[in-house]
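What follows is a short report on a single structure.
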């Protein structure tokens with residue numbers, strides 16, 4: 001980040017990631033409604049959740065395209081934010097981590113879900129697979145590590 005005000009740039013990246021995380025939570029609240037999850041209801045096991053997706057044939061492809069678009073937006077902002085490869089990787093890790101943490105905070109604020117870090121969640125749909133069905137503490141731990149590691153890379157000097 002070759003800028004005279006790197007802290008300002010980090011703050012803008014964090015604001016972007018927070019806004020993206022909140023938007024992600026809003027979209028997932030809508031998806032939960034489409035899939036028939038009541039306010040705060042746990043995510044059923046992966047097979048049942050995928051069955052609900054199949055009941056709306058257009059939804060899985062739509063949701064997968066949203067996941068790809070989200071990752072591309074995070075990558076594009078990270079690319080713009082850095083001038084070196086490692087800085088760009090660091091920016092991506094940092095904003096991905098903040099985005100994911102904000103996503104869970106946003107879901108909890110809107111629908112009181114997840115009730116605990118032990119709650120099971122279907123993390124991704126690319127590719128649709130049962131291994132993506134994990135307790136929330138796993139992506140939260142990874143997001144914290146990504147944020148910290150990314151911040152260290154962004155702040156490192158050549």
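The values are calculated or read from the model by the stated rules, or taken from the named source; none is laboratory data. Keep in mind the model is a prediction, meaning the values are calculated, not measured. FYI the Cβ positions are ideal-geometry reconstructions off the backbone, even for glycines, and counts take in every protein chain you see.
Residue count for the stretch 13-49 satisfying the condition of being surrounded by 12 or more Cβ atoms within 10 Å (Cβ to Cβ), under 13 Å from residue 107 (Cα atoms), modelled with pLDDT under 85 and in contact with a helix residue (DSSP H, G or I) (Cβ under 7 Å, 6 or more places away or on another chain): 2. Just checking, does the stretch 120-128 include any residue being in contact with a strand residue (DSSP E or B) (Cβ under 7 Å, 6 or more places away or on another chain), assigned to a helix (DSSP H, G or I) and over 17 Å from residue 21 (Cα atoms)? No: zero hits.
Each row is one residue, and each column tells you yes or no for (1) at pLDDT 95 or above; (2) buried (at least 18 other Cβ atoms within 10 Å of the Cβ); (3) part of a helix (DSSP H, G or I).
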site: 11; (1), (2), (3): no, no, yes
site: 51; (1), (2), (3): no, no, yes
site: 63; (1), (2), (3): no, yes, yes
site: 73; (1), (2), (3): yes, no, yes
site: 92; (1), (2), (3): yes, yes, yes
site: 113; (1), (2), (3): no, yes, no
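Against the conditions (1) under 19 Å from residue 32 (Cβ atoms); (2) touching a helix residue (DSSP H, G or I) at 6+ places or on another chain (Cβ under 6 Å); (3) in contact (Cβ under 8 Å) with a residue 60 or more places away in the chain; (4) not in a loop (DSSP other than H, G, I, E, B), residue 150 satisfies every one except (1).
Looking at 63, 67, just one residue is in contact with a helix residue (DSSP H, G or I) (Cβ under 8 Å, 6 or more places away or on another chain) and closer than 19 Å to residue 100 by Cα, and that residue is 63.
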